[in-house]
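The values are calculated or read from the model by the stated rules, or taken from the named source; none is laboratory data. Because the structure is a prediction, the values reported are computed rather than measured. We place every Cβ from the backbone using ideal geometry, glycine too, and count neighbours over all the protein chains shown.
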């Protein structure tokens, strides 16, 4: 999927958060990488998959049922940025395109108002009943504070993990 220029700053924020985990990143020219990011040429979601694979011992497979596999178990890598929706009445992070996934979702969420990252390892049993036309919505307060107590059928915050490394290694 191509990076839209309107979302470029969000893609760069995600990339900057995990770039030091990309295999071989230390051997790359920082100026070149920055130029490619600014042009929207780099596929940030693929770099995220590679970073998770390196840290968590996964193999990148990029299949419809999952992006990663370890010990025969699939998981999918997701990047999400918190946004306002419902005519400005809600502020949440959408996790989309989950239908057909067969394993856990490894989600990095960027909250732009407070410029913070959150990580979620969501098991398949938690999202399996979500219809094809819906997504996961991880709720936040309008000021960017996590809404860890909420009225959702599934409280997605219960699947929060503390770090990128924990996200990558979680079973």
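Among residues belonging to the stretch 12-32 that are in contact (Cβ under 8 Å) with a residue 60 or more places away in the chain and out of contact with any strand residue (DSSP E or B) (no Cβ under 6 Å at 6 or more places or on another chain), point out the one that is surrounded by the most Cβ atoms within 10 Å (Cβ to Cβ).
Among those that are in contact (Cβ under 8 Å) with a residue 60 or more places away in the chain and out of contact with any strand residue (DSSP E or B) (no Cβ under 6 Å at 6 or more places or on another chain), it is 18.
Checking residue 106 against (1) crowded, with 21+ Cβ neighbours inside 10 Å; (2) part of a loop (DSSP other than H, G, I, E, B): exactly one of these is not met. Which one?
With respect to (1) crowded, with 21+ Cβ neighbours inside 10 Å; (2) part of a loop (DSSP other than H, G, I, E, B), residue 106 is out only on (2).
When you check residue 35 against the structure, is it modelled with pLDDT of 95 or more, part of a helix (DSSP H, G or I) and either touching a strand residue (DSSP E or B) at 6+ places or on another chain (Cβ under 6 Å) or surrounded by fewer than 19 Cβ atoms within 10 Å (Cβ to Cβ) (or both), yes or no? Step through it out loud before you land on a result.
On the way: modelled with pLDDT of 95 or more: yes; part of a helix (DSSP H, G or I): yes; either touching a strand residue (DSSP E or B) at 6+ places or on another chain (Cβ under 6 Å) or surrounded by fewer than 19 Cβ atoms within 10 Å (Cβ to Cβ) (or both): yes.
Yes, satisfied.
Every residue in the stretch 150-171 that is closer than 14 Å to residue 52 by Cα, part of a loop (DSSP other than H, G, I, E, B) and free of Cβ contacts under 8 Å to residues at least 60 places away in the same chain, please.
The answer is 163, and nothing else.
Quick test for you: out of 68, 79, pick the one residue that is surrounded by 16 or more Cβ atoms within 10 Å (Cβ to Cβ), more than 23 Å from residue 8 (Cα to Cα) and under 14 Å from the mean Cα position of the chain (by Cα).
Details: 79 fails: more than 23 Å from residue 8 (Cα to Cα).
Criteria check complete, one pass: 68.
Name the pairs: first residue in the stretch 98-117 and in contact (Cβ under 8 Å) with a residue 24 or more places away in the chain and on the phi < 0 side of the Ramachandran plot, second residue buried (at least 19 other Cβ atoms within 10 Å of the Cβ) and part of a loop (DSSP other than H, G, I, E, B), Cβ to Cβ under 6 Å, at least 6 apart or on different chains?
111/82
Would you say residue 101 is assigned to a loop (DSSP other than H, G, I, E, B), under 23 Å from residue 47 (Cα atoms) and touching a strand residue (DSSP E or B) at 6+ places or on another chain (Cβ under 8 Å)?
yes
Looking at the stretch 64-83 only, could you name the residues that are modelled with pLDDT under 95 and part of a strand (DSSP E or B)?
Of everything in the stretch 64-83, nothing turns out to be modelled with pLDDT under 95 and part of a strand (DSSP E or B).
Identify all residues within the stretch 11-32 that are touching a helix residue (DSSP H, G or I) at 6+ places or on another chain (Cβ under 9 Å) and assigned to a helix (DSSP H, G or I); write none if there are none.
11, 12, 14, 15, 16, 17, 18, 19, 20, 21, 25, 26, listed by residue number.
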